[in-house]
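See below for the structure under consideration.
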Amino acid sequence: MDERLPESEEEWRKRLTPEQYAILRGKGTEVPFSGALLKEKRNGMYVCAACGNPLFSSDTKFDSGTGWPSFDESLPNAVRFVPDTAHGMRRTEVLCGRCGSHLGHLFDDGPKETTGKRYCMNSVCLAFESEKEKK
Ligand code: FE
């Protein structure tokens, strides 16, 4: 992973696949139940697919039944939030705290026994690093 962040959308387009670009930079949403990481259950770290910023520990992943990888907490200072009123809804958009790419949305219907939060993430916006692969 190139540590330097792209300075233009053109650079982002070259770095990402067309699907990644459409969702990370174009704020799209992947088809539910389509994501490669939906059923990932190994221990490890979920990082931003665009810049490698660590976002979620596997300890916080849960099966929300929505078809998108879901987490009940992000790593400290890993993400930023912005109000999103697109599509006639009031939602909280979740952005990578490092590169500003779109990741998904935050909802308040997560597991009550933990945080009550549900980070609804696009699988295509995440890369998984299993514990064994960690340096
Ligand atoms: Fe990022």
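The table that follows gives values for the structure above.
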quantity	calculated
Leading residue by the ranking (most open to solvent (accessible area, probe 1.4 Å)) among those in the range 15-44 that are outside any loop (DSSP other than H, G, I, E, B) and closer than 30 Å to LYS132 by Cα	PRO18
Residue check, PRO76 over 14 Å from the mean Cα position of the chain (by Cα), of a type outside the set (D, E, K, R), away from the ligand (no atom under 16 Å from the Cβ) and surrounded by fewer than 19 Cβ atoms within 10 Å (Cβ to Cβ)	no
Failed condition for THR92, given (1) away from the ligand (no atom under 16 Å from the Cβ); (2) part of a loop (DSSP other than H, G, I, E, B)	(2)
Selected residue (criterion: farthest from the ligand (Cβ to nearest atom)) from residues of the range 96-107 that are among the hydrophobic types (A, V, I, L, M, F, W, C) and more than 14 Å from TRP12 (Cβ to Cβ)	PHE107
Any hit, the range 60-67, residues being more than 16 Å from the ligand (Cβ to nearest atom), at pLDDT 95 or above, surrounded by fewer than 14 Cβ atoms within 10 Å (Cβ to Cβ) and charged (D, E, K, R)	yes
Looking only at the range 47-59, and only at residues there that are in a strand (DSSP E or B) and open to solvent by less than 40 Å² (accessible area, probe 1.4 Å), the one that is nearest to the ligand (Cβ to nearest atom)	CYS48
Lone unmet requirement of (1) more than 16 Å from the ligand (Cβ to nearest atom); (2) part of a strand (DSSP E or B) for PHE81	(1)
Number of positions in the range 50-108 that are under 19 Å from GLY26 (Cβ atoms) and of a type in the set (D, E, K, R)	5
Test: residue in the range 29-36 that is within 16 Å of the ligand (Cβ to nearest atom) and modelled with pLDDT of 95 or more	no
Residue among GLU40, GLU30, GLU93 that is touching a residue at least 40 places away in the same chain (Cβ under 8 Å) and touching a His at 6+ places or on another chain (Cβ under 7 Å)	GLU93
Test: residue in the range 84-98 that is open to solvent by less than 30 Å² (accessible area, probe 1.4 Å), on the phi > 0 side of the Ramachandran plot and either in contact with a Cys (Cβ under 6 Å, 6 or more places away or on another chain) or not β-branched (Val, Ile, Thr) (or both)	no
Breaking point among (1) under 30 Å from SER8 (Cβ atoms); (2) open to solvent by 60 Å² or more (accessible area, probe 1.4 Å), for THR114	(1)
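The values are calculated or read from the model by the stated rules, or taken from the named source; none is laboratory data. Just so you know, these numbers come straight off a predicted model, no measurement behind them. Using ideal geometry, Cβ is built from the backbone for each residue, glycine included, and neighbour counts are taken over all protein chains shown. These area figures cover heavy atoms from the full protein model, side chains too; ligands, DNA and RNA do not enter into them. Shrake-Rupley method; radii C 1.70, N 1.55, O 1.52, S 1.80 Å.
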